[in-house]
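Taken together, the values in this text are just the output of simple stated rules run on the coordinates, not laboratory data. Small disclaimer: the values here were computed from a predicted structure and weren't measured. With ideal geometry, Cβ positions are generated from the backbone for all residues, glycine too; neighbour counts draw on all protein chains shown.
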Amino acid sequence: MSSSQRNKRIAKNSLFLYIRMVVVLIANLYTVRLVFKTLGVIDYGIFDVITGITTILITVTGVLSTATQRFYSISFGEKNLEKISLVFSTSLKIYFGLSMIIILFGQTIGVWFINSKLNMPIERLPAVHMVFQFSLFSSFFMLMQVPYFSAVIAKEDLDVFSFISLLEVLLKVLSISIISKAEGDKLIFYGIALFIISILVFLCYFIFAYLKYPFLRFKSKTDKVLLNELVSFSSWSLFGSLASVSINQFITILMNISFGPSVNATRAISLQVYGVLGSLTSSIFLALRPQMIQSYSEKSFNYLNSLFNFSNKAIYYGLLIICIPLFIEMESILVFWLSNNDPQTILFCRLILVYGLIMALNNPISIIIQATGHVKVYHLIVEFFTLLCGPISLILFKAGFSPSSSYYVIILMSIFAHVARVILLRKFYNEFDFPYYIKSFLVPAFAVTFIAFFTGFLFSKIDTGFYIRIPVGLLISLIIISVLVYFFGLSGSEKLEVKKIYENIKLRLIKNGR
């Protein structure tokens, strides 16, 4: 496939993902508003703590999917259908075994921890255990969908992925809308609804993959070499992801023990904001990931470097357009969204935006490292900084610092971790041009951020109504960042690509006008 064909495919997939992103973003924000209003502060805080296993599993499935996609993509590049079938069967066995281990630990250590360690209202313990059980068994279906979901992404059938993810989020909106009007324990009902939705999503991927991909058929035969490679690669990638998400959940639990469920509700709101950033990042990057892995396997390093440079800019500047108005107007947005003007919630949400921007830069680096296969050293070094967040937060809480201190810790550690990522990329990928990365991306990104934030801050001081200030602020952010990026953030070849896209759009508009 030529570079132009690849770019067209990326553009087509990006369109599907953009439509999905907009709908999912609006639906998720509306769902959080409904859930917060339906459950109340205490039950919402309880739900955030207890469904931590689901949060972990969402990340785990993403990591395992990335690992499985790597083996699928290499096999697709080799046009080896037999190997694809072996990758599918082997991964299915691994994830089934992992799901059984998770359920076993949940039924023993998990139940003990809820009863003896968490700070929960006694009268809500029966509901807590019910929600935990449904969350635990949802994990089985989330893990078992990974081999099917990964095949959809590796084959770049992103229209199917977009449709299923839209269906999932719409089912969540429908379920909480019904639950809000129902009589009974709404926390338990919501746990049941999410369990049912996890089954339906699994069935969607299973049915599509079974009908569309005849090479995805289970074989009892086990390739021990492939099994070892998959386990080794997945385990280190899993370690990296679990370190990050477990620290987040560990901090959530620390806050519960130190400050109670009400602070958990505040933290949960900030994590929802972070989830929105993650969704935007995934949408931008999902169309690029398969091509980056395949380019590395084909040794098309020039094309891979161009994708790497473009993805860094697309992710960071795409998020920056949204993050600057959100940061400045967070108080007004929270009042509009959740009728909440708590100063601690505002601070949490602003700090999580900074953290989210830094973490978004990790994706392009991580994919290239995964393509090289040097995941063990990479995750051991990078996640060392991540794992420090928990002990440092614990020490600060014990010393009497506020809950927000943990956010400053994770921001600082994420900066150190990113420096480590760049150094390791330079070590394991010889074609990475470190000085060019600094000159073409980091320096312009810092300048664009400063100028755009300063301009947005000045505009926020103009006495206009909320419904005017927010959309106009977003428009100003879009215009200023786009102009700055075009003149100072893009290379000569990237500017030519932008001009080509502009000319094509203009020609189509002229033709349609006739």
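Just a few scattered comments:
- Of 83/212; 83/219; 37/461, those spanning more than 20 Å from alpha-carbon to alpha-carbon: 37/461
- Full-extension gain in nm, residue 183 to residue 341, via 0.36 nm per residue minus C-alpha separation: 53.9 nm
- Sparse-neighbour loop sites [trypsin sites (Lys or Arg not before Pro); region 296-386; at most 12 other C-beta within 10 Å; DSSP]: 299
- Distance-filtered residues of region 93-113 - backbone nitrogen under 17 Å, label point 7 angstrom along residue 222 Cα→Cβ: 93-101
- Estimated D of the chain in µm² per second, where Rh is the Kirkwood radius over Cα pairs and Stokes-Einstein applies at 10 °C, 1.306 mPa s: 66
- When the alpha carbon coordinates of region 416-465 are projected onto the principal axes, the ranges are 53, 20, 14 Å, largest first.
- Taking the alpha carbon gyration tensor of region 346-465, multiplying each eigenvalue by 5 and rooting it gives semi-axes of 30, 24, 10 Å, largest first.
- Extension reserve of the residue 300-residue 30 stretch, reckoned as 0.36 nm per residue once the Cα distance is removed: 92.9 nm
- At 1.567 mPa s and 4 °C, Stokes diffusion of region 299-370 via Kirkwood alpha-carbon radius, µm² per second: 93
- The chain, relative contact order [Cα under 8 Å, separation at least 6], %: 20
- Diffusion coefficient, µm² s⁻¹, Stokes-Einstein with Kirkwood Rh over alpha-carbon pairs of region 122-272 at 4 °C and 1.567 mPa s: 70
- Inter-label distance, nm, simple model (7 Å from Cα along the C-beta direction), residue 231/residue 399: 4.3
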